[in-house]
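Report on the structure given below.
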């Protein structure tokens, strides 16, 4: 990989991207706000590579509120069916794509390859102050190593659950570092409310400049948050919390979301308004 390899090694949010090979040598941390040694308030002190978790001015996640209408380029997702390897990274449950999957996101002249998607519970972003049960992050990288992450909110609703979310959680190993191949090829377009389609365009979205949401909280990430809520079952959300509670160093703490960060002088843009 290009620059992302450095990001992953130091930041670990994409223990996802590197599959966890770097995680064994990385400093320990967790998501528990009550843990003064390893929790989020301590991240910036744990390792020099985590310093932006403390000093960064463009950190994620944020509350999506007060968005400014803008003429934004269309998002064009091309997500053909592909094999998926589900890994328990010890910080997230992640589904990794093969390098030749051909899954891409195009934003005007910028093209990004989908590397992996992973799950947080509860959600990391909020909409007008309202959090949700979980959130999927679809992590993309351009040829020059720039990151674009698409956040999709997930919540138990009266609608039918999304089979891909349920399948990933069901297949997730209980032990950190273990992985399992998902049965059959699947299209990540399911996470964009598209069923039976592999190309999705014209999706409304919020966007803002932010960071990785786990150490080292590296900034310069192009964040895209999709409005609307992806349905899932309460059983899937409960199982996700059970898996998180078993992560090394979490000592039964059931959540893997970072708390909301100050927006500071950033602007959240939206197009079209809704």
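Coordinate-derived values only; no laboratory data. Predicted model, so just to flag it, every value in this text is computed and none were measured. For neighbour counting, all protein chains shown are included, and Cβ atoms are generated from backbone atoms with ideal geometry for every residue, glycine included.
Could you calculate the contour length gain from residue 181 to residue 85, that is, 0.36 nm times the residue separation minus the distance between their Cα atoms, to one decimal place in nm?
Stretched fully, the residue 181-residue 85 segment lengthens by 34.1 nm.
With helices as the sole contributors, the chain gives -4000 deg cm²/dmol at 222 nm; each DSSP H run of n ≥ 4 counts as -39500 (n - 2.57), and the sum is divided by every residue.
Once the chain from residue 37 to residue 70 is taken as fully extended at 0.36 nm per residue, the excess over their C-alpha distance is 7.7 nm. Inter-part distance, region 46-115 to region 198-270, computed on C-alpha centroids, equals 9 Å. Between 34, 67, 167, the residue with the greatest mean-square fluctuation in the GNM of the chain (Cα pairs under 10 Å linked by springs) is 34.
Rounded, prolate or oblate for region 124-199? Axes are the square roots of the Cα gyration tensor eigenvalues, ordered a ≥ b ≥ c, and the cut-off for rounded is a/c under 1.5. Write down the numbers at each step before the final one.
Values: a/c = 1.26, a/b = 1.04, b/c = 1.21.
Note, shape of region 124-199 comes out rounded.
When each of the peptides 263-272, 131-140 is scored by the mean number of other C-beta atoms lying within 10 Å of its residues, the order from highest to lowest reads 131-140, 263-272. When a/c is below 1.5 the answer is rounded, else prolate if a/b is larger than b/c, else oblate, so apply that to region 51-127 with a ≥ b ≥ c taken from the square roots of the Cα gyration tensor eigenvalues. Verdict is oblate for region 51-127. Largest GNM mean-square fluctuation among 233, 55, 142, using the chain with Cα springs under 10 Å: 55.
How many percent of Cα pairs in region 3-263 exceed 33 Å? Each step should come with its number before you reach the end.
On the way: 3673 of 33930 pairs.
For region 3-263, the fraction of Cα-Cα distances above 33 Å is 11 percent.
So for each of 187-195, 234-242 I average, over its residues, the number of other beta carbons within 10 Å; can you give me the resulting order with the highest mean first? Don't skip to the end; give the middle numbers.
Working: 187-195: 19.6, 234-242: 17.2.
Order by mean packing, descending: 187-195, 234-242.
Legend: calculated FRET efficiency, residue 269 to residue 99, from the Cβ-Cβ distance at R0 = 35 Å, rounded to 0.05, equals 0.65.
Among rounded, prolate and oblate, which fits region 107-259 when a ≥ b ≥ c are the square roots of the eigenvalues of its C-alpha gyration tensor, a/c under 1.5 means rounded, and a/b larger than b/c means prolate? It would help to have the intermediate numbers written out before the result.
Numbers: a/c = 1.38, a/b = 1.21, b/c = 1.14.
Rounded.
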